[in-house]
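Following: one structure in C-alpha cells, then a few remarks.
The values are calculated or read from the model by the stated rules, or taken from the named source; none is laboratory data. Quick caveat: nothing in here was measured; it's all calculated off a predicted structure. Cβ: placed from backbone, ideal geometry, glycine included. Neighbour counts: every protein chain shown.
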Amino acid sequence: MNRISVILIGSIMTINFAANSNAQETDIGSKRTLGYGIGLGSGSMSVGINSNSNFGLSLNGRIGNHFLLMVEVNPLRVKSPVMDESFNAFNIILGPSFGETFRLRPCLGLQFRTWSGSKKVTNHDTGPLIGIDAGYEFYKSEKYSLLIEFVFRNSLIELEGSVTSKFIGFQIVALRKT
C-alpha cells in the first residue's frame, strides 16, 4: 500500500464524514445501524511470489451507517507458504458507505494476528489493513434489513520479504435500525 492510496482513501473518508454529519435523518437508510453476520471466504498469506490459502468462516459485528465501525474475526488458520507457522486474524475497520440500497465501502483499519507453529517468529503482531466492501441491502421492515456483501481485505505483515495477508469472501449481515 503506497502513500498516495492512503492519502486518497483518507480524504474520501474525511469528506464523506463531514458531508454526512449535517444530514437529517429522514428515511430508513439514514438511521444508525447495529449488525452482526457470518461469512465465507478464502484467507491467504503471500511471501514474495509464494502463496498459501485456506477457505473458512468469518464473523463480524458493526455499528454506524454512513460511517461504519466494523469488527471481524477470521478464525481460520492460514499457513505460511515457506515455513511452519500460521496465523488467524481479528480486524478493526472504519469506512464510509456510499449508496442507500447498493453500498460501496472503502475501508481502513488494523489487523491483529495470533501466530502458531514450530517456526513462528512472534506470538502476535499488528498490521495496517485496507479493504473494500460492495453489497446490496434488502429491507425487511422499518427496523430490520439483511445485507449481502462481497468483502476484500489486504494487510501488510512484513515489508521486508513482501509478506501480506488477504481475505476475499461474502458476508450475510443482519441489520437493526435504531
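Hey, could you check region 128-161 for residues that are among the small types (G, A, S) and surrounded by fewer than 20 Cβ atoms within 10 Å (Cβ to Cβ) and say which is modelled with the highest pLDDT?
So, considering only residues that are among the small types (G, A, S) and surrounded by fewer than 20 Cβ atoms within 10 Å (Cβ to Cβ), the one modelled with the highest pLDDT is A134.
Considering only residues of region 60-99 that are part of a loop (DSSP other than H, G, I, E, B) and of a type in the set (D, E, K, R), which is farthest from F112 (Cα to Cα)?
Top of the filtered list is D84.
Among the residues of region 127-178, write down those that are farther than 16 Å from R103 by Cα and of a type in the set (A, V, I, L, M, F, W, C).
Those that are farther than 16 Å from R103 by Cα and of a type in the set (A, V, I, L, M, F, W, C): L129, I130, L156, I157, L159, V163, F167, I168.
Take the residues in region 63-82 that are out of contact with any Ser or Thr (no Cβ under 7 Å at 6 or more places or on another chain) and of a type outside the set (V, I, T), then tell me which one is nearest to V163 (Cα to Cα).
L76
Taking strands (runs of 3 or more DSSP E) that fall entirely within region 113-178, which contain at least 3 residues that are at negative phi, in contact with a Gly (Cβ under 6 Å, 6 or more places away or on another chain) and not hydrophobic (A, V, I, L, M, F, W, C)? Working first, answer last.
On the way: elements: 124-139, 144-158, 163-177.
By residue number, 144-158.
So that you can scan it fast, the table gives a plain yes or no per residue for (1) under 18 Å from F167 (Cα atoms); (2) polar (S, T, N, Q):
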| position | (1), (2) |
| --- | --- |
| G56 | yes, no |
| D84 | no, no |
| G95 | yes, no |
| L104 | yes, no |
| L108 | yes, no |
| Q111 | yes, yes |
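Mind checking whether some residue in region 66-87 is touching an Asp or Glu at 6+ places or on another chain (Cβ under 6 Å), surrounded by 15 or more Cβ atoms within 10 Å (Cβ to Cβ) and either modelled with pLDDT of 95 or more or among the hydrophobic types (A, V, I, L, M, F, W, C) (or both)?
There is no residue in region 66-87 that is touching an Asp or Glu at 6+ places or on another chain (Cβ under 6 Å), surrounded by 15 or more Cβ atoms within 10 Å (Cβ to Cβ) and either modelled with pLDDT of 95 or more or among the hydrophobic types (A, V, I, L, M, F, W, C) (or both).
If we scan region 28-47, do we find a residue that is out of contact with any helix residue (DSSP H, G or I) (no Cβ under 8 Å at 6 or more places or on another chain), hydrophobic (A, V, I, L, M, F, W, C) and assigned to a loop (DSSP other than H, G, I, E, B)?
No, because not a single residue in region 28-47 is out of contact with any helix residue (DSSP H, G or I) (no Cβ under 8 Å at 6 or more places or on another chain), hydrophobic (A, V, I, L, M, F, W, C) and assigned to a loop (DSSP other than H, G, I, E, B).
Could you list, in sequence order, the residues of region 100-111 that are over 10 Å from S155 (Cβ atoms) and either at pLDDT 95 or above or outside any loop (DSSP other than H, G, I, E, B) (or both)? Working first, answer last.
Pass one, region 100-111, residues over 10 Å from S155 (Cβ atoms): 100-108.
F102, R103, L104, R105, P106, C107, L108, listed by residue number.
When you look at I49, is it of a type in the set (V, I, T), in contact with a Leu (Cβ under 8 Å, 6 or more places away or on another chain) and over 19 Å from F150 (Cβ atoms), yes or no?
Working: of a type in the set (V, I, T): yes; in contact with a Leu (Cβ under 8 Å, 6 or more places away or on another chain): no; over 19 Å from F150 (Cβ atoms): yes.
No, not satisfied.
Out of (1) more than 13 Å from the chain's Cα centre (by Cα); (2) hydroxyl-bearing (S, T, Y); (3) surrounded by 14 or more Cβ atoms within 10 Å (Cβ to Cβ); (4) at pLDDT 90 or above, what's the single condition that is false for S58?
So the condition that S58 fails would be (1).
What are the residues in region 108-122 that are under 13 Å from E72 (Cβ atoms) and touching a residue at least 40 places away in the same chain (Cβ under 8 Å), if any?
Within region 108-122, Q111, R113 meet the criteria.
Filter region 106-144 down to the residues that are among the hydroxyl-bearing types (S, T, Y), under 18 Å from N65 (Cβ atoms) and out of contact with any Ser or Thr (no Cβ under 8 Å at 6 or more places or on another chain) and list them by number.
Once the filter is applied, which keeps residues that are among the hydroxyl-bearing types (S, T, Y), under 18 Å from N65 (Cβ atoms) and out of contact with any Ser or Thr (no Cβ under 8 Å at 6 or more places or on another chain), region 106-144 yields S141, Y144.
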